[in-house]
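One structure below.
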Amino acid sequence: VDIKALLAPAAASGGSAWAAAPGGPVAISFGGGLPDPVTFPAEEIELAMKRVLRQDAAAALQYGGLMGFEGLRERIAAKVRREDGRTIGADQVTLTAGSSHAISLACFAFVSPGDSVLVEAPTFAGSLRAIRSYGARIVSVPVDEHGLSIDGLEARLAELRTAGRRPKLLYTIPNFHNPSGATMTTERRRRLVELAREWGLLIVEDDAYGDLRYEGEPAPSLFSLDEAGLVLKLGSFSKVLAAGLRLGWAAGHPDAVAALVSVRHDMGVSPLIARTVAGYAAGGGLERHIQRLVAHYRAKRDLMVAALGEHCAPYVRFATPAGGFFIWLALAEGVDPDRLAEAAAQESVGYVPGTAFFADGGGRRNVRLAFSFAPSDDIERGIAALGRALARSV
Ligand SMILES: Cc1ncc(COP(=O)(O)O)c(C=O)c1O
């Protein structure tokens with residue numbers, strides 16, 4: 001049968017997440033932005049799940065409703081109230097199958113085919129695929145070491161106005177950006193929120209990495225700065241607890257949250273998982289875990305930064321990220337990216353080429369390294385291998 005002939009546009013345009021990952025298996029992978037499996041608190045999760053099954057089996061094993069388990073939504077709302085200084089209740093939070101699901105729901109609810117959606121260039125490749133699959137016209141706005149360029153955004157907005165097109169939504173990762181590692185300055189955040197109000201633009205603020213800060217003080221979230229109800233803030237338990245739970249959330253104006261819920265046809269996330277996470281987080285378990293993660297990933301980042309200095313310095317430039325999982329390399333002039341791909345495969349070290357993170361070209365001379373996943377003991381060896389590959393690519 002010719003299944004391809006039957007495909008709807010979303011599937012025809014999509015391509016899977018893994019199809020974007022280059023090359024075959026490698027001995028040391030700095031490719032995927034995966035959490036470190038040694039950090040997964042399996043025993044505590046087991047205990048929490050056992051407790052749920054002993055005390056609340058009927059509810060935990062039943063359909064749980066489209067909004068998701070209220071106890072966990074209340075816990076998330078309390079965190080948002082505490083950190084963002086906004087008075088929101090559990091009715092303004094909905095649970096999703098990871099934050100990537102929340103991104104899909106936001107597109108489903110707000111993006112019609114042909115609508116313009118503003119994204120950062122570069123940006124998270126999974127979000128690009130999602131946004132594209134809803135038929136959006138993707139409009140790229142540059143990112144520099146201070147995050148999304150507001151001058152770049154204003155230029156794009158002016159072009160759209162001239163073309164008679166009104167952008168619907170802007171997707172941004174203000175903290176420890178994937179892939180660039182950059183964090184948006186407070187000044188830019190303020191201007192972005194002002195522009196959103198001026199243009200009636202919905203901002204999807206993806207804060208997948210915000211809790212993994214290795215130094216400095218947090219900048220105010222876009223959600224905290226927004227008085228107009230135009231910011232939808234997304235969070236995830238993937239990076240701070242376990243990606244396999246498939247649990248994330250969206251918080252925002254009640255109408256925006258209701259819109260996300262209205263396009264769900266899957267009966268909601270797992271009540272068993274949501275109750276387990278709520279039970280684990282109760283009594284400060286999650287907070288303590290995040291403190292341990294921060295120390296763990298900070299040490300891995302420092303290992304990678306030191307190894308890059310030792311083995312790769314003549315061939316790359318990079319800024320040290322203050323949090324998150326990624327170091328974004330700019331290749332020095334003489335380095336040939338295609339030869340680097342070949343040499344890195346021979347050295348059996350994996351990374352993601354920069355091109356994966358741009359909607360319309362760009363990134364040929366960039367490489368994303370994740371320091372999160374590879375065992376700490378492999379980081380120095382892997383970066384030494386990358387250094388040899390770089391030396392052969394000049
Ligand atoms: C910026 C960003 N958003 C969302 C996700 C998806 O995470 P989740 O597991 O919550 O769907 C990732 C994962 O790599 C990410 O980097």
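The values are calculated or read from the model by the stated rules, or taken from the named source; none is laboratory data. Just so we're clear, the structure is a prediction, and the values are computed from it rather than from any experiment. All Cβ positions, glycine included, derive from the backbone under ideal geometry; neighbour counts span all protein chains shown. Each accessible area value is taken on the protein alone, full model and side chains, heavy atoms only, with ligands, DNA and RNA left out. Shrake-Rupley method; radii C 1.70, N 1.55, O 1.52, S 1.80 Å.
Within the set of other residues whose C-beta is less than 14 Å from the C-beta of residue 127, count the net charge using Lys and Arg as +1 and Asp and Glu as -1.
Values: positive: 129, 132; negative: 120, 205, 206, 207.
After counting each charged neighbour, the total is -2.
Each eigenvalue of the Cα gyration tensor of the stretch 262-394, multiplied by 5 and square-rooted, gives one semi-axis; in descending order these are 35, 20, 12 Å. In terms of its Cα atoms, the stretch 166-242 spans 36, 24, 22 Å along the principal axes, sorted from long to short. Karplus-based coupling profile of the stretch 180-197, in residue order and whole Hz: 7, x, 6, 10, 5, 6, 4, 4, 5, 4, 4, 5, 4, 5, 4, 4, 4, 5, with θ = phi - 60° in 6.51 cos²θ - 1.76 cosθ + 1.60 and x standing for Gly or Pro. Counting only DSSP H runs of at least 4 residues, each contributing -39500 (n - 2.57), and dividing by the residue count of the chain, the helix-based mean residue ellipticity at 222 nm comes to -13500 deg cm²/dmol.
By how many nm would the segment from residue 388 to residue 288 grow when fully extended, if each residue of separation counts as 0.36 nm and the alpha-carbon distance is taken off? Walk me through the intermediate numbers first.
Working: separation 100, 0.36 × 100 = 36.00 nm, distance 3.94 nm.
Result for the pair: 32.1 nm of gain on full extension.
With θ taken as phi - 60° and the Karplus curve 6.51 cos²θ - 1.76 cosθ + 1.60 applied, the whole-hertz 3J(HN,Hα) list for the stretch 130-137 is 4, 4, 5, 5, 8, x, 6, 8 Hz, x standing for glycine and proline.
Translational diffusion of the stretch 104-168 was estimated from the Stokes-Einstein equation, with Rh taken as the Kirkwood radius over Cα pairs; at 37 °C and 0.692 mPa s the coefficient is 269 µm²/s.
Which net charge results for the neighbourhood of residue 107, defined as the other residues with beta-carbon distances under 14 angstrom from its beta-carbon, given Lys and Arg at +1 and Asp and Glu at -1? Mind showing how you got there, number by number?
Working: positive: 129, 132, 137, 168, 264; negative: 115, 206.
Value of the local net charge: +3.
Comparing 209, 63, 134 in a Gaussian network model of the chain (Cα springs below 10 Å), the most mobile by mean-square fluctuation is 63. Pairs of Cα atoms in the stretch 1-158 fall into 5 Å distance bins, from 0 up to the last occupied one, in shares of 1, 7, 10, 11, 14, 17, 16, 11, 8, 4, 1, 0 percent.
Rounded to two decimals, what is Rg over Rh for the chain when you use alpha-carbon atoms and the Kirkwood radius?
Working: Rg = 21.0 Å, Rh = 21.8 Å.
Ratio of gyration radius to Kirkwood radius: 0.96.
Per the Debye formula with a single identical scatterer at each Cα and no solvent contribution, what log10 I(q)/I(0) holds for the stretch 226-297 at q = 0.21, 0.23 Å⁻¹? Per q value, in the given order, log10 I(q)/I(0) is -1.03, -1.10. Taking packing as the residue-averaged number of other Cβ atoms within 10 angstrom, the listed peptides 181-189, 141-149 run from highest to lowest as 181-189, 141-149. Amide H contacts for residue 118 (H built 1.01 Å from N in the peptide plane; partners 5 or more residues away or on another chain; cut-off under 5 Å): 139, 168, 169, 170, 171.
Set the Förster distance to 25 Å, then compute FRET efficiency between residue 155 and residue 317 from the Cβ-Cβ distance, nearest 0.05. Can you show the working numbers first?
Details: r = 25 Å, r/R0 = 1.01.
My answer for the efficiency is 0.50.
In the full protein context, the chain carries 44 Å² of accessible surface per residue, based on a 1.4 Å probe and ignoring ligands, DNA and RNA. In this structure the amide hydrogen of residue 29, modeled in the peptide plane, comes within under 5 Å of the amide hydrogens of 350, none closer than 5 places in sequence on its chain. The alpha carbons of the stretch 331-383 give a radius of gyration and a Dmax of 12.1, 37 Å, in that order. The fraction of Cα-Cα pairs per 10 angstrom bin, counted from 0 for the stretch 142-270, comes to 11, 39, 34, 14, 1 percent, rounded to whole percents. The fraction of all Cα pairs in the stretch 163-202 landing in successive 10 Å bins from 0 to the largest distance is 27, 45, 25, 3, given as whole percents. Surface composition of the chain: carbon plus sulfur atoms contribute 54% of the solvent-accessible area (1.4 Å probe, protein chains only, all chains present).
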